[in-house]
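Take a look at the following structure, please.
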Amino acid sequence: MKKQRVRIQDVAEVAGVSPTTVSLVFNGRAHSIPEATKRHVREVALRIGYRPHAAARALATGKTQRIGVILNTPDSLVYQSAYHSPILSSILASLPRYDYNMVLHSAHFPDWQSQAADIQSGLADGAILIGREGADPLTFALLENGFPIVCISYHVDHPACFAVDCDNEGGVQMALEHFLSIGRKRIFCAIPQTESSWTKERTQSAVRFAQQHPEIELLVADWPSMGDHTPTAWIDALKQLPFFPNALLIDSEYIGRNFVESAVAQGLHIPEDIAVITINSTEVSATAHPPISSLWQPLDEIAATAVEMLVAIINGQLPSERIRRFPMRLDVRASTVGGWG
């Protein structure tokens, strides 16, 4: 025999409250109800097996109490990304504070239009988009349709775009000042030259620093084509540059780690021959051989702030800042000051 579904009325009777009170607790409208009462209602509901009907709640409140999360590529988590993992962990830790759950939009779609349709299909009340590239058409489409979103680590030129990022310009300046402080004046900044906001900001900062310090040679470009990824190829790539650098700012921790280990294999000394700084300062840089100086981003704080902003937007409360930025920190390790090995 099919077990009869536990109703709101059943919870109310056992808890000794009205059905309206139970409904308010599970529909996210219990602002005037004492915390002890809300806790009691939830405990009774759990004990007698009451499960709120998501579709009915969404119909009653106009909200799903779910937030969508869109990665820059569907396979961003396949390799346990040191960038995406802490962001997702922080989002998951923050959502219960606002009585929200997460929907991860990680499937492949034939085009961005299909992905936009899926995101706006009623699965979630809004979405957080992480690290999208360039003038992303998906981001623009969601903004044009009035769908609540917050961007992490990038933004687009749209009046409704709200974003959370690190201080890209300040971080690059900090790294270049560190190079100058250790006497390095031939600097290659390996930064992808794309339409993404973060690559533009980092490039602008490097160019401005070079203008302020005419005594240095500085080149900003994407990493040169290497063909194969042997240790010899990494060094040959640098030889293609207008000058052979004695300092590298590398936008990717993974490329930075490969480079320093390849350089050591080729007989170069880090940092005596080439000092290296990467961006994102996780275990990828910290456990390299040698450990790499790196610009740290407060990814957990960035993600928690994105959740807070998105919930406010969903509730019709626009944040006072369109782009919230957090300062970077330079974690100095052996790749710039020596003492390793």
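Tell me which residues, restricted to region 252-269, are of a type outside the set (Phe, Trp, Tyr) and open to solvent by less than 20 Å² (accessible area, probe 1.4 Å).
Scanning region 252-269 gives GLU253, GLY256, VAL260, SER262, ALA263.
Filter region 195-219 down to residues that are in contact with a helix residue (DSSP H, G or I) (Cβ under 7 Å, 6 or more places away or on another chain) and under 14 Å from SER252 (Cα atoms) and give me whichever is least open to solvent (accessible area, probe 1.4 Å).
Selected residue: ARG202.
Are any of the residues in region 184-194 surrounded by 22 or more Cβ atoms within 10 Å (Cβ to Cβ) and within 19 Å of GLY134 (Cα to Cα)?
Checked against the condition, which is being surrounded by 22 or more Cβ atoms within 10 Å (Cβ to Cβ) and within 19 Å of GLY134 (Cα to Cα), region 184-194 yields at least one hit.
Quick test of your reading of the structure: TYR100 fulfils all but one of (1) without any contact (Cβ under 8 Å) to a residue 24 or more places away in the chain; (2) over 24 Å from LYS200 (Cα atoms). Name the failing condition by number.
Going through the list (1) without any contact (Cβ under 8 Å) to a residue 24 or more places away in the chain; (2) over 24 Å from LYS200 (Cα atoms), TYR100 breaks only (1).
How about region 104-121: which of its residues are under 23 Å from LEU318 (Cβ atoms) and either among the polar types (S, T, N, Q) or surrounded by fewer than 17 Cβ atoms within 10 Å (Cβ to Cβ) (or both)?
Once the filter is applied, which keeps residues that are under 23 Å from LEU318 (Cβ atoms) and either among the polar types (S, T, N, Q) or surrounded by fewer than 17 Cβ atoms within 10 Å (Cβ to Cβ) (or both), region 104-121 yields only GLN120.
Scan region 143-183 for residues that are open to solvent by less than 40 Å² (accessible area, probe 1.4 Å), hydrophobic (A, V, I, L, M, F, W, C) and under 21 Å from ASP273 (Cβ atoms) and report the count.
Summing the residues that are open to solvent by less than 40 Å² (accessible area, probe 1.4 Å), hydrophobic (A, V, I, L, M, F, W, C) and under 21 Å from ASP273 (Cβ atoms) in region 143-183 gives 3.
Would you pick out the residues in region 249-267 that are hydrophobic (A, V, I, L, M, F, W, C) and touching a helix residue (DSSP H, G or I) at 6+ places or on another chain (Cβ under 7 Å)?
Answer for region 249-267, where residues must be hydrophobic (A, V, I, L, M, F, W, C) and touching a helix residue (DSSP H, G or I) at 6+ places or on another chain (Cβ under 7 Å): LEU249, ILE250, PHE259, VAL260, ALA263, ALA265.
Do we have VAL311 as over 21 Å from the mean Cα position of the chain (by Cα) and of a type in the set (A, V, I, L, M) here?
It is false that VAL311 is over 21 Å from the mean Cα position of the chain (by Cα) and of a type in the set (A, V, I, L, M).
Checking the condition in a loop (DSSP other than H, G, I, E, B) and either under 30 Å from ILE128 (Cα atoms) or acidic (Asp, Glu) (or both), which residue from SER320, SER285, SER294 passes?
SER320
The values are calculated or read from the model by the stated rules, or taken from the named source; none is laboratory data. What you see is a predicted model, and the numbers here were worked out from it, not measured in a lab. Backbone-built Cβ (ideal geometry, glycine too); neighbour counts: all protein chains shown. The accessibility values were calculated without ligands, DNA or RNA, using every heavy atom of the protein model including side chains. Shrake-Rupley method; radii C 1.70, N 1.55, O 1.52, S 1.80 Å.
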